[in-house]
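S.K.: Pasting in a structure now, in structure tokens, and then I'll have a few things to ask.
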Amino acid sequence: MRILGVITGEYGKRHVANVRQHAPEAWTIEQWRAPSQYPIVIDYPDEYVPHDLPAADLILSFPEVAAVAELIPDVVKVTGASAVIAAVDNEAWLPRGLARQLRGWLDRMGVVCVTPKPLCSLTETDFGMARRQRMPYDDPLISEFARYFGQPNLRLRVDPRSKTITGAEVARDAVCGCARYVAERLVGVSADDAEQEAGLQHHHYPCLASMGIDVDFGDTLMHVSGNVLKDNVAEQVKPFKKVRYIAPGT
């Protein structure tokens, strides 16, 4: 699979770097740094898109400037891509209305576009949109990408005697690499403390999702992202946690 990452700064740079480091050998990953300054109204988006961009099957859109979304249809035309993943880790970088427009523009071109909010809500079949709201999609390229990068999936091994984590395999990493970072630091942690430790390490990585309150979730996207990882850990350590019962009056 040929992938082109569209970035404008460190947020996208870190994402593309992690994909490059841990992607299957058959994948090729290129990167284009889009301009960061645009007029209020972009009359001709194609003027900002180089005509010598490398051919690609999948576009990863990780800019920190909302106007870059208007360039994506022309990026698709130049590269020949048939699928797009446009991250929503900050409402300012891709507002919900613009995300909806982008999906519509590309749909009319016969191109599948997903806009996972946050980015680590992406699975092989759907992606997050708001609290308790997910949107399904059907595209083999995006599904192939999501096998390796998207909603974190750790496979934990827990010693039933000591109740501590003895191994943590990354079945699916977050695009930014956070899940792999957390997994390395969970080994040796007790089942009782694993969920809390996963949340702390997620913040220490650090997660680059927004810390502003998002109206679709009533929470920060950083906390939403952290909860996705914590829930994955909590489900696996639950059988090994110590449960204490307190009898009232004793």
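S.K.: Of the conditions (1) exposed (fewer than 15 other Cβ atoms within 10 Å of the Cβ); (2) aliphatic (A, V, I, L, M); (3) more than 25 Å from D107 (Cβ to Cβ); (4) in contact with a strand residue (DSSP E or B) (Cβ under 7 Å, 6 or more places away or on another chain), A23 clears all except one; give me its number.
M.R.: (1)
S.K.: Out of the range 49-69, which residues are of a type in the set (D, E, K, R) and surrounded by fewer than 17 Cβ atoms within 10 Å (Cβ to Cβ)? Steps first, answer last, please.
M.R.: Of all residues in the range 49-69, those of a type in the set (D, E, K, R) come to 52, 57, 64.
Matches in the range 49-69: D52 only.
S.K.: What do you reckon, is P39 at pLDDT below 95 and either outside any strand (DSSP E or B) or of a type in the set (A, V, I, L, M, F, W, C) (or both)?
M.R.: Here the answer is yes, as P39 does meet what is asked.
S.K.: Moving to a separate point now. Give the residues of the range 138-153 that are more than 22 Å from S82 (Cβ to Cβ) and surrounded by fewer than 23 Cβ atoms within 10 Å (Cβ to Cβ), sorted by residue number.
M.R.: The answer is N153, and nothing else.
S.K.: Also, I was wondering about something else. Of the residues V189, V182, V112, V170, only one is out of contact with any Leu (no Cβ under 8 Å at 6 or more places or on another chain) and among the β-branched types (V, I, T); which?
M.R.: Details: V182 fails: out of contact with any Leu (no Cβ under 8 Å at 6 or more places or on another chain); V112 fails: out of contact with any Leu (no Cβ under 8 Å at 6 or more places or on another chain); V170 fails: out of contact with any Leu (no Cβ under 8 Å at 6 or more places or on another chain).
Every option except V189 fails the conditions.
S.K.: For the range 54-79, which positions are in contact with an Asp or Glu (Cβ under 8 Å, 6 or more places away or on another chain) and not in a helix (DSSP H, G or I)?
M.R.: Listed by number, the residues that qualify are P54, A56.
S.K.: Select, from L208, L229, the only residue that is closer than 28 Å to F145 by Cβ, part of a loop (DSSP other than H, G, I, E, B) and touching a residue at least 60 places away in the same chain (Cβ under 8 Å). Spell out the reasoning first.
M.R.: Details: L229 fails: part of a loop (DSSP other than H, G, I, E, B).
One residue alone meets the criteria, L208.
Rundown of residues vs (1) buried (at least 21 other Cβ atoms within 10 Å of the Cβ); (2) touching a His at 6+ places or on another chain (Cβ under 8 Å); (3) modelled with pLDDT of 95 or more; (4) under 20 Å from R155 (Cα atoms), yes/no style:
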position: S190; (1), (2), (3), (4): no, no, yes, yes
position: D193; (1), (2), (3), (4): no, no, yes, yes
position: E197; (1), (2), (3), (4): no, no, yes, yes
position: H204; (1), (2), (3), (4): no, no, no, no
position: V233; (1), (2), (3), (4): yes, no, yes, yes
position: V237; (1), (2), (3), (4): yes, no, yes, yes
position: F240; (1), (2), (3), (4): no, no, no, yes
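S.K.: Looking at R134, R157, R161, R100 in this structure, which one is of a type in the set (K, R) and in a helix (DSSP H, G or I)? Lay out the reasoning, then the answer.
M.R.: Details: R134 fails: in a helix (DSSP H, G or I); R157 fails: in a helix (DSSP H, G or I); R161 fails: in a helix (DSSP H, G or I).
The match here is R100.
S.K.: With the checklist (1) outside any strand (DSSP E or B); (2) touching an Asp or Glu at 6+ places or on another chain (Cβ under 9 Å); (3) exposed (fewer than 13 other Cβ atoms within 10 Å of the Cβ) in hand, flag the one item W93 doesn't pass.
M.R.: In the conditions (1) outside any strand (DSSP E or B); (2) touching an Asp or Glu at 6+ places or on another chain (Cβ under 9 Å); (3) exposed (fewer than 13 other Cβ atoms within 10 Å of the Cβ), W93 misses (3) alone.
S.K.: Can you name the number of the only condition in (1) surrounded by fewer than 14 Cβ atoms within 10 Å (Cβ to Cβ); (2) free of Cβ contacts under 8 Å to residues at least 40 places away in the same chain that P160 fails?
M.R.: (2)
The values are calculated or read from the model by the stated rules, or taken from the named source; none is laboratory data. Everything numeric here is computed off the predicted structure, so don't read it as measured data. So basically every Cβ, Gly included, is an ideal-geometry build from the backbone, and we count neighbours across all protein chains shown.
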